[in-house]
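The values are calculated or read from the model by the stated rules, or taken from the named source; none is laboratory data. As the structure is a prediction and not an experimental result, all values here were calculated from the model. All Cβ positions, glycine included, derive from the backbone under ideal geometry; neighbour counts span all protein chains shown.
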Amino acid sequence: MPAHTSVDEAVFLAHLAGGSFRLGAAAGRWRSVSLTWPHAVFGVRAADGIEYGLRFECANYPQTPPTARPWDVARDTPLAPELWPTGQARVPLAFNPGWKNGSCLYLPCDRQSIEGHANWYNEHPSLIWDPSIGIVHYLRIVHELLNSGDYGGRRAA
């Protein structure tokens with residue numbers, strides 16, 4: 001491990017080098033766009049082929065869950081709300097620009113969203129952050145949403 005790499009970044013890099021991340025990337029589900037620790041940007045492919053960027057803040061990884069916001073990969077800025085994905089129920093709930101002013105996704109695996117939602121531990125145990133799986137857990141959840149029957153494309157198509 002290089003001297004400038006923290007323990008949390010080293011664990012993160014090990015998760016990216018692992019088979020689960022690489023398998024998802026090889027299948028075209030997601031890709032790593034950039035990493036400037038503690039921020040990582042990924043693209044996640046939706047059912048219609050649109051790639052949605054997510055910028056994760058990963059301080060104290062993996063013990064502390066990351067938090068992610070929709071990201072405009074080309075401009076390296078937060079994604080404009082009219083370009084966020086939508087759907088019938090679950091997708092617009094998770095991708096809600098009004099939730100915390102669009103600073104995170106409304107998902108049980110997100111650091112900001114889990115605060116104040118102790119009920120989620122019982123109601124959505126499979127969606128709670130799992131440090132042993134790491135970033136792949138969050139990416140899988142987003143990929144499943146964007147490839148579910150609930151997904152309805154971009155808000156402004």
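Checking 71, 37, 84 one by one, the residue that is out of contact with any Lys or Arg (no Cβ under 7 Å at 6 or more places or on another chain) and either surrounded by 14 or more Cβ atoms within 10 Å (Cβ to Cβ) or under 24 Å from residue 133 (Cβ atoms) (or both) is 37 and no other. Does residue 140 satisfy being modelled with pLDDT of 95 or more and in a strand (DSSP E or B)? Spelling it out, it is not the case that residue 140 is modelled with pLDDT of 95 or more and in a strand (DSSP E or B). Residue-level check: of (1) in a strand (DSSP E or B); (2) more than 13 Å from residue 142 (Cα to Cα), residue 42 misses just (2). Residues in the stretch 57-82 that are assigned to a strand (DSSP E or B), out of contact with any His (no Cβ under 7 Å at 6 or more places or on another chain) and in contact (Cβ under 8 Å) with a residue 12 or more places away in the chain: 67, 68, 69, 70, 71, 72, 78.
Filter the stretch 47-66 down to residues that are crowded, with 20+ Cβ neighbours inside 10 Å and either under 14 Å from residue 140 (Cα atoms) or not basic (Lys, Arg) (or both), then give me how many there are. Looking only at that region, the number is 9.
Counting only residues that are under 25 Å from residue 133 (Cβ atoms) and either touching a residue at least 12 places away in the same chain (Cβ under 8 Å) or loosely packed, with under 14 Cβ neighbours inside 10 Å (or both), the stretch 88-107 holds 12 of them.
Restricting the search to the stretch 90-113, which residues are assigned to a loop (DSSP other than H, G, I, E, B) and of a type in the set (D, E, K, R)?
110, the sole residue that qualifies.
Considering the stretch 116-129, and only residues there that are in contact (Cβ under 8 Å) with a residue 12 or more places away in the chain and under 16 Å from the mean Cα position of the chain (by Cα), the residue that is nearest to residue 8 (Cα to Cα) turns out to be 129. Which condition does residue 98 not pass, out of (1) at pLDDT below 95; (2) touching a helix residue (DSSP H, G or I) at 6+ places or on another chain (Cβ under 8 Å), if it passes all the others? Going through (1) at pLDDT below 95; (2) touching a helix residue (DSSP H, G or I) at 6+ places or on another chain (Cβ under 8 Å) one by one, residue 98 breaks only (2). For residues in the stretch 1-34 being part of a loop (DSSP other than H, G, I, E, B) and of a type in the set (Gly, Ala, Ser), which is farthest from residue 135 (Cα to Cα)? Only one residue tops the list, namely 3.
None of 116, 24, 87, 134 is within 29 Å of residue 7 (Cα to Cα) and in contact with a strand residue (DSSP E or B) (Cβ under 6 Å, 6 or more places away or on another chain) except 24.
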